[in-house]
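Below is one structure; the comments refer to it alone.
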Amino acid sequence: MSLSSADIAHLETVLAQGKKPKVVFTDAAGQVAGRTGKVVALDPAGVDDFVQVAFGSDELSFSAAELRLPAPGEGARRTPAPRQRSTAPAGPGLLPDDAPEPKPAPKPVVSERKPVTEPETPAPEPVVKKKAARPRAAAAKHPELTVTLTYEDGEWSVAATRGARTVVKGAKVAHTNALTMCQASGSDEVNEVVSEVVEKIRSEAAEEAARLRRQLEEAEARLAELK
């Protein structure tokens, strides 16, 4: 699993509140996989590595495929239950009258115990990110290049994304060029849908031409009256 669009929006909301949300490194992050860090900055409109994460003494940028949100309860610390001492019952009548005088209990050996703490972990070594391995992990999440042709409100437009980054957004395309792109796909289903769109465009254009002709005829008639 990795960060989805909803997860990135959640991280932006938490950062806006002045907090640093926790994330877990996935296997795509290399030698730090399974460890946790804190997000300090986000820049989804930038390069692929747009999530700034602080962990240990390091602070590096990672992509969405290299991170995930921690599962509920993951990373929570458990406090060991306090050890209960067994106390011997006290009171008269516990020893027989002819029993020998009990020996004084040995003084407890007081040993200096260090407070229970988590085992110290060595300082993390500088992370060397393998640039050659990341494209394969990213390719499993996002295609290398996606081109989308859209028809809306009588106009064609094209958009292109590279991985998770948008490189072209809503560029206008001429009607003839758009039809050529659709025909080049070689798909009967695409051609069928495009034919329906073209027929709708022709019908709307014919209605617009008829309306303009009527207006022209009315204007010419008024002009003739003025002569």
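Among the residues of the range 29-46, just one is in contact (Cβ under 8 Å) with a residue 60 or more places away in the chain and in contact with a Lys or Arg (Cβ under 7 Å, 6 or more places away or on another chain), namely G30. Within the range 9-31, being β-branched (V, I, T) and within 20 Å of G73 (Cα to Cα) holds for V14, V23, V24, T26. Residue-level check: of (1) over 13 Å from the mean Cα position of the chain (by Cα); (2) exposed (fewer than 13 other Cβ atoms within 10 Å of the Cβ), D43 misses just (1). Residues of the range 1-47 that are within 26 Å of V167 (Cα to Cα) and in a loop (DSSP other than H, G, I, E, B): M1, S2, L3, S4, D43, P44, A45, G46, V47. The set of residues in the range 149-164 that are surrounded by fewer than 11 Cβ atoms within 10 Å (Cβ to Cβ) and under 20 Å from T180 (Cβ atoms) comprises E152, G154.
Beta carbons closer than 6 Å, at least 6 apart along the sequence or on distinct chains, pair a first residue in the range 53-76 that is in contact (Cβ under 8 Å) with a residue 12 or more places away in the chain and of a type in the set (F, W, Y) with a second that is open to solvent by less than 40 Å² (accessible area, probe 1.4 Å) and not in a strand (DSSP E or B) for F62/D49. Within the range 141-175, the set of residues being outside any strand (DSSP E or B) and more than 26 Å from E204 (Cβ to Cβ) comprises K141, H142, P143, E144, L145, G163, A164. Among the residues of the range 48-60, those that are under 22 Å from T161 (Cα atoms) and of a type in the set (D, E, K, R) comprise D48, D49.
The values are calculated or read from the model by the stated rules, or taken from the named source; none is laboratory data. Note that the coordinates shown come from a computational prediction; the quantities given were computed from them, not determined experimentally. All Cβ positions, even for glycine, are placed from backbone atoms using ideal geometry, and neighbour counts span all protein chains on display. Only protein heavy atoms, including side chains, enter the accessible area calculation; ligands, DNA and RNA are left aside. Shrake-Rupley method; radii C 1.70, N 1.55, O 1.52, S 1.80 Å.
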